[in-house]
Structures are given as structure tokens and as C-alpha cells.
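**Student:** Take this structure, written in C-alpha cells, and hold onto it; I'll ask about it next.
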There are 2 protein chains.
Amino acid sequence: MKQSKWIWKAGDFERYHSMLLHNRRTKTSLYYPPMWRIDGPDRNVLFYKIVNLEAPETLTVYANCKDASFLVNGVRYAAGETVTLMPGRNFIKLTAYKESGFPSFYCVGEHFASDETWRTGSWGARDTFVGTNDMYTELWDNPEVFKFSYERIRPVSVEETEGGRLYDFGKECFGKLIFEDAVPAYAEFTVICGESREEAMDAANAIVHIPVKFENGAFTSTSVAFRYVFVPAVGEYAFSADFENLPLPDKGEFRSDDELINRIWEVAAYTLHLNAREGFFDGIKRDRWVWGGDAYQSYFVNYYLMNDNDIVRRSQRILRCAEPMTAHVNTISDYTFYWISAMWEYYFHTGDLAFIRSMYETMLSTMTFVRGRLDADGLYEKRRGDWVFVDWSKHFDKDAGPICAEQMLLCHAYECMAKCAALMEDRENEELYLSLASDLNVKINERYWDEEKSAFVDDYKTGNRNVTRHANIFALLYALTSEERRHRIIEQVIKNPEVPAITTPYFEFFELDAMCTIGEYSYMTDMLHSYWGGMLSHGATTFWEEYFPEKSRVENYAMYGQPYDKSLCHAWGASPIYLLGRYALGVRPTSPAYATYEVRPNLMCFGTIEGKVPTPNGIVEVKMSRESVTVLADVDGGTLVLGDRTYPIEKDVPLTVTL
Amino acid sequence: MKQSKWIWKAGDFERYHSMLLHNRRTKTSLYYPPMWRIDGPDRNVLFYKIVNLEAPETLTVYANCKDASFLVNGVRYAAGETVTLMPGRNFIKLTAYKESGFPSFYCVGEHFASDETWRTGSWGARDTFVGTNDMYTELWDNPEVFKFSYERIRPVSVEETEGGRLYDFGKECFGKLIFEDAVPAYAEFTVICGESREEAMDAANAIVHIPVKFENGAFTSTSVAFRYVFVPAVGEYAFSADFENLPLPDKGEFRSDDELINRIWEVAAYTLHLNAREGFFDGIKRDRWVWGGDAYQSYFVNYYLMNDNDIVRRSQRILRCAEPMTAHVNTISDYTFYWISAMWEYYFHTGDLAFIRSMYETMLSTMTFVRGRLDADGLYEKRRGDWVFVDWSKHFDKDAGPICAEQMLLCHAYECMAKCAALMEDRENEELYLSLASDLNVKINERYWDEEKSAFVDDYKTGNRNVTRHANIFALLYALTSEERRHRIIEQVIKNPEVPAITTPYFEFFELDAMCTIGEYSYMTDMLHSYWGGMLSHGATTFWEEYFPEKSRVENYAMYGQPYDKSLCHAWGASPIYLLGRYALGVRPTSPAYATYEVRPNLMCFGTIEGKVPTPNGIVEVKMSRESVTVLADVDGGTLVLGDRTYPIEKDVPLTVTL
């Protein structure tokens, strides 16, 4: 028999888990809803498949709900029944209704095994292929339960303090707290978790409060973030936790002779893994939501670490609401633009054309939404309900009409849209978006460039001529301006200490990526040492949402006006993995799906580096010292580039070049 | 304290109950899904209200779900808490998530009592007012449970037959079957219900099979339709039923000296009541769905019987899917056109402007959907996925390009849309729809009129010149053609026995309404006697989905190729109430909401008639014999019209005119 998979309406799996996860946030124990629209999965579904059979075969249809039946050439059967199909045309329809959760089917048969070849009836919209996920291939699998792995962990130390016990798990963790063998067997109390010791000991200000209720001497909590756990005096019990995670193997590796950098790489990887869940989360303590900008960066790190396609696909689906689109992704305009760009970049790194195809209509309707809200000049200007984020920065005015950074992201999104249109052989939209990109590029360079300041200014309407790093970084990163202006930006903005520094790892990603793009590697490695290294010097076991080198450790825990609201495990801190893989190991695709790629290793400040970069079809291994470079790849298409010399990389044959 | 009501996102109450009811259909015991998209209610909601208080007051917020909290001027509280609000501006936000059912709030307070004055945050769409329903005003009410009434009923006879017992409840019923005091106390078997004796005794072909499972000697079924119930031999038990209904009082009345007509009126009223539930159903045995054309007619009967506004509002909301509209109402183009027309006609009969306002955006988007699917000439032509219904009739070809009857319904819908636009003071759309109506009217009269046949033909593309009653009836009913053509239609089509007769009470409604409009009353009363009287002569206790006078009783039970698939309690059989109220008692509004109305009583074939017609603000009572007419109304605005004489009707003063 052919392998079956659970099938559902494409998007419902992600929409369901998105609905659950976005409604899980609490502050202390209060429900704290997302500020954007959350769409649930469909309750009624219709799937179908038509095959001309040459020989009889059987079909058994299972559903995950009681209101389900199926039609075999017009005759209706109850879910659970087995029908023998006769040679000739067989038209099978599956129908179901499920109010809670989402309706799914599992069909066992030869030609009608449930899989991606089934289609969804859409009642007047466009019929599409059903959704599946390779985690749910067995009849006993339940797609309404996300398939995490669990590992029992125990505190590394415990301290009697303030009339209770403070447990330390040694590093940031995520999972369910478990009390067992408790005496007394019935008790109610509140446990306080902390990413820091200070937070766990400050009930009034800690984010995670867990109402515990012993029954029969036991209690298991919902899944939360913690390193420290403060338990008030409640008698005796055994205390541990179920560490909850998605076991995505690391395909990327990096080692150097610089132990601080190695540690940064490892902490970055751990930070990303903790946030790699139903989708890529922002952080695991507070929001635990999927945010477009945060996810966008996690994709790039993912391509150099786990290289898991499915988590990118899930995140992209989670980020986009159902039709009709009425607000930007997470209400943030920049996040909508990243969402579009991420589609092309996903294809470029993975070659997964099927996903682009399945989302293409949604991309078009996203662009229709975006273009319906531009100003008369075609520039994006903040509308009621929009959040212009760019970065946590006090240095620019986001209400100053159309701001430069947003136009740059929009311009890049247009370019990516055009490339996806080309992929879909949709010439009309390809031309449209190429011309929108080129028109917008001209406007950006005309309106925002300040000749005297040698910089793009934040806005053009106020006359403030304010310069921040953000738009200038995008200009470099997305190649939006002339060579001459690029050089002036580097000198007058990026390397100019008078232009306020970036304060978030989030925007450091863009800054360092841009600087590496133009060969300013020491700027990047210096920042790794000082900025990421700075967090480690404060005892960080995961990277933070924001970091101010000039502030004390405990001062750094504060954010949003609250002493512990800062997330200490924020995915956007994981960019060193991407930066080191792409620019130190130097491995990057030069055509979609790594059909061709280059290896431009760069020793930077290191004595030796070595590591691996995953590609869709294999691994590229790079080793470099001052004396030589060795590359070994189990995929075709590679070229080693050293200065102005190139060396073809033969699959499975080590290539060593003496320097 | 001000009276509070449960509040929810407008439309969610109807959408939730619609989802439940449309997923309840079974054939034998197999789940039988609707063939159109069913949208569920929202899972996440945000409601808000702002009031400047002059004095402190308290606010208590309750929610029907655990994931709920509320913000008082930015400070979050748990649902269930009481907060004292201070004088000045108070901004209250309610937020909740509920996966199953739909999230609702109940707020107790003076200025913040939950009611229609609260608004729904829409995350980028248009904020609207919340939904409420006057059935749910107490904290212990549960809007997820539809408020039916129950009355215990017992069979009027029982017969031992075919190894079991056949119970007869004496007339068509709807409700839960109840077994009590059963010995043996545990048993499993299947009960067969029938609208007819024959159906109940034919397990292979009966629609309603009930799997019964005695536990502790008792069992209660889900709600189903039945008159006859066959129970196999299973021992002893007490058998009864809980008759389930919505207790809408009859405000309309009709009596004459013709007992057959009186009986028809009563059976019609009972038929409608059985179908008057969450919305107006088609029938109670088989589909139990809300269909646009069926509901459209029930509205008219309702205006002359219960005159309940809420059931019309609920039905209209149930019929229209969520945005985006991707298919016609029930997939049927004519039903979409009726849906639009029904809005104006509802306003005309009730004066409920608030409902039109709350649905106006939805009306516009419905029209956008409709107009996006017309042919190049602006005519409606069947598209993929559309069902052109018009009527169950074998006499015309619905695939013959744009057919005449559909254009006529569309034309009427344009006119009604224009009137609603005028109500909303939306001059642009008023003009647009007036001009669309007038253009379409010209095309109808140019393309479909056949001079030689003195009739509108069904289509103009095939050249078949086929004449059926349907389009010609619409031409009369909606005044779509000249006086001269109207007369020719009456003589050459309606009164022409060679044009196939209507076979459904559904289309008889339109035919008789049209005939009464033009004063052909005896055509109507003859049809009541023969057609509706014909069903009674077969022992009908409710009116049927379709009726062929030339067929036997049992032959008449068959439909859709199955011996008992015909519904014997079909709401569209209730039109005599409307016809007798409007044309015999002669009471009808002449301006919206009965601000002015006329009473044009007509004795027709009767010796005496008397009855009542409800209006939004009171009752109009009419009594007529060959000698005199008496009118008594407790509302202003009436005029008695007798021939060419008019008499103002003074409120609360009996007006008698001798003939």
C-alpha cells in the first residue's frame, strides 16, 4: 500500500496551531490577546480526487470527526467504511464538519491513499491541493496535537530562600514543570518563573506565574519559559521539568580558534532552537508569537543551521491571515514587505517551487492589499491601524509621512514579487512589479538622498534631514543606490560614531549583513565580540531582545517600562550563525536551490575556521587556515573563489588550495 | 442598573447556529453536508466602548470563556472582576478567545451595561456595533443554546404491526423522541420516523433513522421530524416526545365562511411555525436548511402571521456567507437576487432601518460579487458552480445562456438595492442601481419579448422561443413591462392551459401573488381550493414541497427519484396566509413601516371574511360581508379603499361602511 498522510484544507493545520499559540500569552495569569486578527481553520471541508483505475482496489476512509462521510461515484458511505472500487473512472469526495480542531481525513488505498494529490473543493473560490505534513503519516497521528519532543530535565541547583526554594536549571529552558510525590498531596500555590534569578524572586514583576494545584500529590504545568523557578514552602515533592522542543537536527556547523566566537555560535543555535516551534517565535517567555520581522531573520539563520523547509513554510502561513487581508502582517507594514521578500528568498535557498505555487494567489492578494494603501505617489505612508516598526529606536519619527526605510523594504518586496511572478510564468505581473520596483527606486534616490549629509534621511516631508542607520543599511543590503553613494554611506553613516548605534540584535543582523556584503568583515567580528560577547559576559545562556553595553546586567533586563519584560531568549539574536556561515565559511547559493553556489571563505580575524553549510541536496564542508583551504561537498554546482581565482568543486572530492 | 444583554461580534450568533443547523442533516444516519460554504463564527473578539462619566460607577465583566480579559483605561483585569470607574473618560476594551462556540460578554454597570451601543474592533476592516439578541438578556442565558420551547406530546394511536409498534402523533411534529421506564433497561435498536405511514414502515427508504440506545431504561433522541414512528419489538417502555418549537405568537388571523379555506389557512400557519426556527427552514424532515428562495417567501407570510422581525434578520444573516463572497446564496443565483430584494421589502414592512444600516456594506459587497459575474451585456448567465434554480420545472432549459427569469429577478434586486442606497443617503449607489435597473429592463423587453407568442420566452440565444409561466409571472409581479404586454401575458400565458402548470407551492406563490396584483382573485381562490385543498384531501397536516393533483397520494410522496424524499412540511406551502391577508383582508403598507397603509378588502368567492393583519405598531382588524365592511385599527395612517371611494381610518375607532 502507498504511504498515506493525514490531509486537511491547505493552511488549516498552520491556522489552527497559530490560533492556539497566539492565544496562549498571559501576563501573570491574565489572558493577553494578540493585537491582530487571528483566523481559525475551516469547519467544513470537501476534498476530492478522480482516478481512472485499471483494476479493482479497496479504499478505506478515516476521519478525525463524527460528522464525516464520503461519496464514491455519487454513493455516500460513512467514514470508517471500506469500499471496493471498480475499474474505470472513480470520483471520490470526502466531506466533513468539525467545530473544534479541524477536520482531517486519512485514506488507505493504492491510488486513493490520502496525500498531496487530493484537491480541496472551495465552493466558488479556487480549488487547491490539500494540506499535509510529513509529521502526520500514521492513522494514530493527531494533527491537532503539535509533535514536540520531550526530555525530562532536572534543576542543577536549589537554594532555600525567602521561605521557599529557588531552583536553577542552569540555562534557559522551555517546557512543563512537574511536581511528583508531593506531601501534602493536595495544595494550591503560585510558582514564579524567571529567565533571571532576579525575575524569579520578584513575584510582583515576573512575567510567568503558574497557578499550581496538587492533586494526588502531582501537578504538571502548561509549557513555559524558565531558567529559575521559585516555589514557596509547600511541603515536600520531587521537582523536574519536561523540556519541550522540536528536534530539528543541526546540519550547519562552525568552529574557530576563537572560543568566544564558538560559544556565541552555540548560544545562538540554542536560542534559535528554543524558538523553533510551530513557527519561528520571537521569544519564548513573553509573547511566544510569530512576528514577521523576527521570523524573516530566523529563516536566514535556519538556512545555515537546520535548513528545515517546513518551519519556514509553517511560519509564512501562520503570518498571513485568511482572505480578505484587512491589516498588515502583525499590523506592521515592514513585516508585510518581509513576508513577500521571504517567499523569493525561500525559493532561492530551497528550490521549493510547490510552496511558491501554493501561495502565489495569496502573494498577489497581499500585494493588492499593500498597493491599495499607498499614497498618491506610490509611497507607503502609515495608515490608521498600521504599525511602522523598522526597529526599536528612539531616533526617528515614524509619523513623518512616508519614511525612507519603508520605501526601501517595499522596493525589495516588489523585486522579489517580480521574481516569483517570473517563476510562475506570469509575465504580466513580472513586468508590473519590475516597473513598480524601478519607479520606487528612482523616487527613493530623488527624495531621500541628502547630498550634504552623504546619507539617506529618514523622511522628506518634514525637512528635518534626520539621519539614522536604518534606511542607509537597507540601501546597502538591497543594493538600492549607486556605488558612489554606497561608499559615502559606509563612511558617513555606518562608520560614523555620531550616528546613534543600533540597540537590538534584530537590526544588528541587517547592519552586519550589509557590512559583510560590502566586505567590511572586521566590523562584523568586532560587533560579535563586543555586542554578543557582552551579553555572554552577563551570563546569558541565550541571546536577548535588546542589549545596551553601557547598562548593568539587571538594568538590561528591563524593557517596555517593566523590570523584567525583556525577553532573554529572542530568536533575532541568532544571526551570528548566518553571518559566519555565509561570510566566514563563505558558502552561498548563486542560483536558486544551490543549483550553483560559491564558496568564498574568509579567515577574518580567525586563525582557523571550519564548518558545514547545508544545501537542499547536501552539505558543503569548509576548512581554512592561514595556509590552506579545503572544501568537500556532496553536491554539484560549487565553485571555490579565492581572490580573483576560481576552482570548480567536484562532488565528493576534497579540494584543497594552498594559500 | 441598566438591563444588560449578552454581546458578541455581529453575525456570530447567526453564523454559529447556522453552522450547527446546516451540519445536522443526515440521510438514514449518514452525515449529509450542505453543498455551499459554511462559515463559522470568529474565535477572537475585541469589543470596546468609551464614555465620559460624571460620577464613579462600578463595572463587572463576565465572559463565556476562560481566555478573556478586559482593559480599563489600559489596565488589564480578569473576566469576572468588578472595577470602580472614576469620573472622566473611560475606555473599556473586552478581549476574548473561544475555540468552540463563540466568545460573548455580559457587562453589568450603568453606562457600560453590555448592549448594542458597544462596538467591535475589526483589526483593519470597518468597526461595527456588536450583536445582541433579546432572547439573551440574563447572565445565566447561554447564546450558544438556541432558545426553543418544549412541550411534552404523546401519540394519538398505536398499532402493533410487522413485529413492532407504529405510533401516530396525529399530525406532523418536530422534536425529541423520549423513551422512559424501559424494560429491558439496556438495548440498542433503530427507530424509523415517517411523515407518512408508508415512510415509517419502509426502513430501506425512510429518511429519518434514529439509532436508539437505552441506558438505565431511558433514551432521548436528537430533534427530528415525524408523524409516524415505528419502533421494533424491544420490550416495554413509555413513549412520548418533546415537541420543539419557537413560540412566536400569531398576530395575524383569518376566518371565512368557507371551512376548507379556513383549514388551509390553519395548516399553512402550522407549516410555517414548524419551519420557523433559528431561521426559516425549507422543510423539517430532510434538509432542515435555510434556503434563500424558501426563506424569501416565508418573510412575506411572516409579515401577515407572526410579524417577527428577528427571524427575518436571523435568516438573512444565515444566508449570507462571510467575506469574501465566492458563491451565490446556497450557490443559487436567483437566491442571491432575492436576498437583496428581501432587504428592501423587510424595511418596507417593518421600518427597521438599523438592520439595513448594519447590513449595507454586505449588500454592496454582494452586489459587487453579482456584477463581477455578468456577461459582457450585463446579463446574468450561469457560471461554473452556479445553480440556476427558478423552480423545479422540466419545461425550461437553464443552460441556454442568460435566461429571462434570472434577468427579471436581477432587475428587481437592482431596484431594491437603489432604494436601500437611498435610505442610506448613498446617492452615488442609488443612481448607479437605478440606471442598472432601467438598462436591464430595456434589454429584457427587447430581447425576450416574443410578439407572436405574446409572451416573454425563456431565452434569446437558442432561438427556441420556449414559453413557460415563470418569467411571465415575474414580469407581472415586478411590473417589468407595459400595460399592454401585461394583458397579453395574462391571456396568452397565465390563463392558457397549454402552458405547463406550476407544480410547486413555491412558484404558486409568485403566480398567485402576480394574479392578485392584477385583480385576478378567482384564479387565486380556485387554486387554493384545488391545489392546497388537493393536499388536504390526501390527509396532509402540513403543506408539501411539490404536489401533482393528477398523482395518487403515495405517488406524491416521491421526489428526487426516491419514494419518500419529498418534504411533506415545506414552508413554501404557507403562502395562502399572505395571499388572504394581503388581498382578501386587503391590508398592505403604502409607505415604509406602515406609516401609511391601505385596506382594500375583497370578498372574492366568500360570503364573509374577517381577520387581523399585524403592522409594526399595531393590528388592523377587518370584517366584511356582502352588506358591510368594518375596520378597526390601533395604528394611524390607514385608508379604507372600496372601489373608487376612500375612507380615512381613525386609530381605535371602528369604521363601518355599508355596501
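Any read-out appearing in this document is the output of simple, stated calculations on the displayed coordinates, not a laboratory observation. Predicted, not measured: the structure shown is a model, and the values here were computed from it. FYI the Cβ positions are ideal-geometry reconstructions off the backbone, even for glycines, and counts take in every protein chain you see.
**Student:** Under 19 Å from the 7 Å Cα→Cβ point of A:THR117, by amide nitrogen: which residues of region A:65-95?
**Tutor:** In region A:65-95, the label zone of A:THR117 (backbone N under 19 Å from the point 7 Å along Cα→Cβ) covers A:71-73, A:83-94.
**Student:** Quick check: the distance between the Cα centres of region B:286-349 and region A:387-401, to the nearest angstrom?
**Tutor:** Cα centroid of region B:286-349 versus Cα centroid of region A:387-401: 49 Å apart.
**Student:** Still on this structure, please answer the following. Roughly what would the spin-label model give for A:GLU266 and A:ALA479, points 7 Å off Cα along C-beta, in nm?
**Tutor:** Rounded to a tenth, the inter-label distance reads 3.8 nm.
**Student:** Any chance you could list the semi-axes, whole Å, largest first, of the equivalent ellipsoid that the Cα gyration tensor gives for region A:149-245, using √(5λ)?
**Tutor:** Working: eigenvalues 64, 53, 29 Å².
Semi-axes from the Cα gyration tensor: 18, 16, 12 Å.
**Student:** Further, regarding this structure: How far, in nm, would the chain grow between B:PHE91 and B:ARG645 when pulled straight, counting 0.36 nm per residue and subtracting the alpha carbon separation?
**Tutor:** Values: separation 554, 0.36 × 554 = 199.44 nm, distance 6.01 nm.
Value of the extension gain: 193.4 nm.
**Student:** Can you give me the Cα centroid spacing of region B:529-606 and region A:564-599 in angstrom?
**Tutor:** Computed from Cα coordinates, the inter-centre distance equals 74 Å.
**Student:** Shifting gears a bit: Whole Å is fine, so just give me how far the alpha carbon centre of region B:44-61 lies from that of region B:150-225.
**Tutor:** 51 Å
**Student:** For region A:352-399, which chymotrypsin sites (Phe, Trp or Tyr not before Pro) are both in a DSSP coil and crowded by at most 14 other Cβ atoms within 10 Å?
**Tutor:** Details: sites: A:PHE355, A:TYR360, A:PHE369, A:TYR380, A:TRP387, A:PHE389, A:TRP392, A:PHE396; in loops: A:PHE389, A:TRP392, A:PHE396.
Loop-located and lightly packed - A:TRP392.
**Student:** Region B:568-659: which trypsin sites (Lys or Arg not before Pro) are DSSP loop and have at most 14 other beta-carbon atoms within 10 angstrom? Spell out each step's value before the answer.
**Tutor:** Working: sites: B:ARG582, B:LYS612, B:LYS623, B:ARG626, B:ARG645, B:LYS651; in loops: B:ARG626, B:LYS651.
Within region B:568-659, the qualifying trypsin sites (Lys or Arg not before Pro) (loop, at most 14 other Cβ atoms within 10 Å) are B:ARG626, B:LYS651.
**Student:** Something else: Using only alpha carbon positions, build the gyration tensor of region A:12-129, then give the equivalent ellipsoid semi-axes as the square roots of 5 times its eigenvalues, largest first, whole angstrom.
**Tutor:** Largest first, region A:12-129 gives 36, 14, 11 Å.
**Student:** Two decimals is fine: what is log10 I(q)/I(0) at q = 0.06, 0.11, 0.12 Å⁻¹ for chain B, from a Debye sum with one equal scatterer on every Cα and no solvent?
**Tutor:** Each listed q corresponds, in turn, to -0.37, -1.22, -1.38.
**Student:** Defining a contact as two alpha carbons under 8 Å apart and six or more residues distant in sequence, what relative contact order in percent does region A:281-385 show?
**Tutor:** Details: 71 pairs, mean separation 23.7, N = 105.
Once normalised by length, the contact order is 23 percent.
**Student:** What is chain B's relative contact order, in percent, from Cα pairs under 8 angstrom and six or more apart in sequence?
**Tutor:** Relative contact order, chain B: 12 percent.
**Student:** Sticking with this one: How far is B:SER552 from the same spot in each other copy, in nm, shortest first, if each label point sits 7 Å from Cα toward Cβ?
**Tutor:** Here the equivalent label points are 10.0 nm apart from this one.
**Student:** OK, next. Work out, in µm²/s and without decimals, the Stokes-Einstein translational diffusion coefficient of region A:198-331 at 10 °C, 1.306 mPa s, Rh from Kirkwood over C-alpha pairs.
**Tutor:** Value of D from the Cα-based Kirkwood radius: 90 µm²/s.
**Student:** How big is Rg to Rh over region B:25-73, alpha-carbon atoms, Rh as the Kirkwood inverse-mean-distance radius?
**Tutor:** 1.28
**Student:** So for region B:587-658, what are the equivalent ellipsoid semi-axes in whole Å, largest first, each being the square root of 5 times an eigenvalue of the Cα gyration tensor?
**Tutor:** Working through the eigenvalues yields semi-axes of 19, 12, 11 Å.
**Student:** If I take every Cα pair under 8 Å that is 6 or more residues apart in region A:587-658, average their sequence separation and divide by the length, what percent do I get for the relative contact order?
**Tutor:** The value is 26 percent.
**Student:** Here's another thing I want to ask about it. Excluding A:ASP652 itself, what net charge comes from residues whose Cβ is under 12 Å from its Cβ, given Lys and Arg +1 and Asp and Glu -1?
**Tutor:** Counting the neighbours of A:ASP652, the net charge comes to -3.
**Student:** For the protein assembly as shown, compute Rh as the Kirkwood radius over C-alpha pairs and then the Stokes-Einstein diffusion coefficient at 20 °C and 1.002 mPa s; write the answer in µm²/s, rounded to an integer.
**Tutor:** Numbers: Rh = 35.4 Å.
D = 61 µm²/s.
**Student:** By Cβ position, which chain A residue lies least far from the axis that rotates chain A onto chain B, and what is the distance to the nearest whole angstrom?
**Tutor:** Checking which Cβ lies nearest the axis yields A:SER100, 2.
**Student:** Can you run phi through the Karplus equation (6.51, -1.76, 1.60; θ = phi - 60°) for region B:417-428 and list ³J(HN,Hα) in whole Hz, with x for Gly and Pro?
**Tutor:** Working through the residues one at a time gives 4, 4, 5, 5, 4, 4, 4, 7, 6, 9, 4, 4 Hz.
**Student:** For a protection proxy built on the mean count of beta-carbon atoms within 10 angstrom, sort B:122-132, A:137-147 highest first, please.
**Tutor:** Most protected by this proxy first, the peptides run B:122-132, A:137-147.
**Student:** Okay, next question. Just tell me how shielded A:39-52 is by partners: mean number of partner chain Cβ atoms within 10 Å of each residue's Cβ, no decimals.
**Tutor:** Shielding by partners across A:39-52 averages 3.
**Student:** Here is a further query. Label points 7 Å out from Cα along the Cβ direction at A:THR368 and B:SER530: separation in nm?
**Tutor:** A separation of 5.2 nm, rounded to one decimal place.
**Student:** Can you show me the helix-derived [θ] at 222 nm for chain B, built from DSSP H runs with n ≥ 4 at -39,500 (n - 2.57) apiece and divided by the number of residues, rounded to the nearest 500.
**Tutor:** -8500 deg cm²/dmol
**Student:** Right, next: Please list, by residue number, everything in region A:492-521 whose backbone N is under 16 Å from a paramagnetic label point 7 Å out along Cα→Cβ of A:CYS605.
**Tutor:** Zone members listed by number: A:512-513, A:515-516, A:520-521.
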